[in-house]
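Structure, as C-alpha cells:
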Amino acid sequence: MGYDLILKNVKLFSVAGPFEGDVAIKDGKITKISGDIQDQADKVVNLSGKYVIPGLIDGHTHMEFPFMSEVTADDFYYGTKASIAGGVTTIVDFITPPKGSSLGEAYEMWRKKADPKVISDYSLHSIIREISPKILEDIPDMIAKGVVSFKLFMAYKNEFMLNDSELYQLIKKISDYGGVIGIHAENGEIINELIQEFIREGKVESVYHYYSRPDILEIEATNRIASIASLVGKHVKMYIVHTSTGEAVDIITSYRKEGFKFFNETAPHYLMLNTEYLKRPDGYRFVMSPPLRSDEQRTKLWMRLASGDIYTVGSDHCVYSDAQKKRYKDDVPPFHEIPNGVPGTETILPLLFYFGVKRGIISMERFIEVTSYNPARLFGLYPRKGSIMPGADADFAVIDPNRRVKLSADVLHSNINYSIYDDVEVEGWNIMTIRRGEIVYEEGQVIAKKGSGTYIPGKTPVMV
C-alpha cells in the first residue's frame, strides 16, 4: 500500500504513554502506527530525536472579535497562522452575535469570516449575550450545525452580562439538548461598582484593573454559578473558562466529586505572569479579564494542573495592537478604557512543555490531556481530533525538546509588534506542524494556503 506521508523514527506521545516507531498517513488520516513501516510513500520524514504529539486544540480564541469599540488585530488568517506555528491544529472560536441578532445569523456571519482565511481547522462556540424566545429557539438548531458549546457571562455589565434568572434559563435549555455551557465567572455588579469608585478617586493606572476585579469576585461567581447549575441537575455539562484562582478550581472540583460534570479551563498567562506586570510602563498590554493574579495564585494553579483538577488549557487569544490598547493616543488610557485581551495561541506549547513538563511539574501525558485530548472530548471533536489512532485526523506537532528560543515578537506570528513573554526563554520548540496529513509549518515558515483549514462540527453527546 502506498501512503501520502510516513513519519519515521518518531517518539510518539499520547495520553496512553510513549511509543517509538513510524506513522503512516493517507488522505489526511492516520492509517498505520507500527514499529517499522517499509511501505512506499510520496514523502518520508525522519524525526529521530524529536517528540511527536497530537496537534493541540485551542478551545478558547477570539479572532475578529468585536469588543470595546475595537476588533481584535488577529483576523482568522493571522490568528490561525499563529496557531499553526505553535502546533495548534484546531481552534474553537467564539461566535459573537450583535445585539438583536439571532444565533443562526451570527453563525453564518462567522463562517463567512473564517472559511476564506483559516489555516488551522476550526470549530465554534456561540456567545449568548441576551435572552429572548428566538435565542432559546435557536439553541437546538445551533447544536445541529455543530455548535455544541455556549458561553455565558456573569460580567461586562451592559455588554454581555446575564442575570441569575437568565443564566438558569439558558443552562436548563442548553442542557436539555446535550450542549456544553462555558461560563465567564466574575461578579459583574461589584466590578462595576469598584470601577466607578476608582474613577471617582482618580485611580486609573493599569494596575487598578486588577484591584477592580479581586480574587474573591471570581470565587463568589464560581460558587454561585455552580449552585445554579446544580439545581438543573447532574446532566449539565459546564466549564468555567480562563479560571485564575485556585479556590475557583476547588469549588468546581468539589462538585465533580459529587457526580456533576463541571470542569475548569485555565490559560497560560495565569500560570506564567503576575500582577506586577500591570505596574510596568507597558502594563496596558497585560490588561485582560480576569486579571493577572499573585504568585501565590500562580502556584495554586500549577498544583491543580498537576493534580488533574484543571481539565483544559486554552489561550483566550484576544489580540490588540499597541495602538488599539492605547486608544490611538500617546498616553496610556484609564484602565477601564483599555481593550481586554492578550495573545497566546502560539505559546501554549512551549510554555507548558518547558515550565510544566521539563521542570517536572506535569507529565507529557498530562500535557496532552489538557491541550488536546480533553478539549476534543469536551467540545464534541473526539475521536476525529485529540487522538492518535487509525482513522483519526493526522494532526501532529513536532517538538525539538532541546531547542532554546526567546519568546520575542520577531519569532511569533500574530499581527502585533510585541510579545507579553519578551523576557521569557524556553527550551523545547515546535519545529513542524502537520494538519490532516499536510505539513503546514516547518522551521519558522507557515506554508499552508490561506483558507486551507476546514470547519469541524462538534457532535453530541460530548464525551465527558
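The values are calculated or read from the model by the stated rules, or taken from the named source; none is laboratory data. Computed from a predicted structure; not experimentally measured. Quick reminder, even Gly has a Cβ in these numbers, built from the backbone with ideal geometry, and neighbours come from all protein chains shown.
Please indicate, with yes or no, whether at least one residue in region 410-432 is under 20 Å from K29 (Cα atoms) and assigned by TED's automatic domain parsing to the domain that holds I30. The answer is yes; a qualifying residue exists.
Suppose the filter is among the polar types (S, T, N, Q), within 26 Å of S321 (Cα to Cα) and assigned by TED's automatic domain parsing to the domain that holds M303; does T253 pass it? So T253 fails the test. For region 244-303, the set of residues classified as surrounded by 22 or more Cβ atoms within 10 Å (Cβ to Cβ) and basic (K, R) consists of R285, R293, listed by residue number.
Close contacts from region 244-260, counting a first residue that is in a helix (DSSP H, G or I) and a second that is of a type in the set (G, A, S), with Cβ to Cβ under 6 Å and a gap of 6+ residues or different chains, come to I251/A226; Y255/A226.
Kindly indicate whether any position in region 73-83 is under 16 Å from the mean Cα position of the chain (by Cα), of a type in the set (S, T, N, Q) and under 22 Å from A397 (Cβ atoms). Yes: region 73-83 contains one or more residues that are under 16 Å from the mean Cα position of the chain (by Cα), of a type in the set (S, T, N, Q) and under 22 Å from A397 (Cβ atoms).
The number of residues in region 317-332 that are in a loop (DSSP other than H, G, I, E, B) and either out of contact with any Lys or Arg (no Cβ under 9 Å at 6 or more places or on another chain) or at pLDDT below 95 (or both) comes to 10.
Scanning region 363-387 for residues that are touching a Phe, Trp or Tyr at 6+ places or on another chain (Cβ under 8 Å) and assigned to a loop (DSSP other than H, G, I, E, B), which turns out surrounded by the most Cβ atoms within 10 Å (Cβ to Cβ)?
The residue in question is G386.
Of the residues contained in region 86-94, one or more are found to be among the acidic types (D, E) and in contact with a Phe, Trp or Tyr (Cβ under 7 Å, 6 or more places away or on another chain).
Of all residues in region 333-360, which are part of a loop (DSSP other than H, G, I, E, B) and of a type outside the set (D, E)? Don't jump to the end; show me each part of the working.
Going through region 333-360, the residues part of a loop (DSSP other than H, G, I, E, B) turn out to be 333-334, 338-341, 343-347, 359-360.
Across region 333-360, the qualifying residues are P333, P334, I338, P339, N340, G341, P343, G344, T345, T347, R359, G360.
Can you say whether E159 is surrounded by fewer than 19 Cβ atoms within 10 Å (Cβ to Cβ) and in a helix (DSSP H, G or I), as far as the supplied structure shows? No: the conditions fail for E159.
Within region 169-183, is even one residue closer than 25 Å to M68 by Cβ and in a helix (DSSP H, G or I)? Yes - at least one qualifying residue is present in region 169-183. Could you please find all residues in region 420-431 being without any contact (Cβ under 8 Å) to a residue 60 or more places away in the chain and part of a strand (DSSP E or B)? The one that is without any contact (Cβ under 8 Å) to a residue 60 or more places away in the chain and part of a strand (DSSP E or B): E425.
In summary, G451 fulfils each of the numbered conditions (1) in contact with a Pro (Cβ under 6 Å, 6 or more places away or on another chain); (2) buried (at least 19 other Cβ atoms within 10 Å of the Cβ) with the single exception of condition (2).
Which residues, counting only those in region 13-29, are surrounded by fewer than 21 Cβ atoms within 10 Å (Cβ to Cβ), within 27 Å of S363 (Cβ to Cβ) and in contact (Cβ under 8 Å) with a residue 40 or more places away in the chain? Within region 13-29, V15, A16, G17, P18 meet the criteria.
When L103 is tested against the conditions (1) closer than 23 Å to N430 by Cβ; (2) without any contact (Cβ under 8 Å) to a residue 60 or more places away in the chain; (3) touching a Ser or Thr at 6+ places or on another chain (Cβ under 7 Å), the lone failure is (1). State whether one or more residues within region 374-392 are polar (S, T, N, Q) and either more than 19 Å from the chain's Cα centre (by Cα) or assigned by TED's automatic domain parsing to the domain that holds I181 (or both). Taking every residue of region 374-392 in turn, at least one turns out to be polar (S, T, N, Q) and either more than 19 Å from the chain's Cα centre (by Cα) or assigned by TED's automatic domain parsing to the domain that holds I181 (or both). Taken over region 69-121, the criterion of being assigned to a loop (DSSP other than H, G, I, E, B) and farther than 26 Å from D138 by Cβ is satisfied by S69, A73, D74, G86, G87, I119, S120. Scanning region 161-200 for residues that are of a type in the set (A, V, I, L, M, F, W, C) and closer than 19 Å to M142 by Cβ gives L162, L167, L170, I171, I174, V180, I181, I183. Is there a residue being surrounded by fewer than 22 Cβ atoms within 10 Å (Cβ to Cβ), within 19 Å of the chain's Cα centre (by Cα) and of a type outside the set (D, E, K, R) anywhere in region 125-133? Looking through region 125-133, at least one residue is surrounded by fewer than 22 Cβ atoms within 10 Å (Cβ to Cβ), within 19 Å of the chain's Cα centre (by Cα) and of a type outside the set (D, E, K, R).
Condition first: closer than 27 Å to R403 by Cβ, under 16 Å from the mean Cα position of the chain (by Cα) and outside any strand (DSSP E or B). Can you find one or more residues in region 34-50 that meet it? Within region 34-50, not a single residue is closer than 27 Å to R403 by Cβ, under 16 Å from the mean Cα position of the chain (by Cα) and outside any strand (DSSP E or B).
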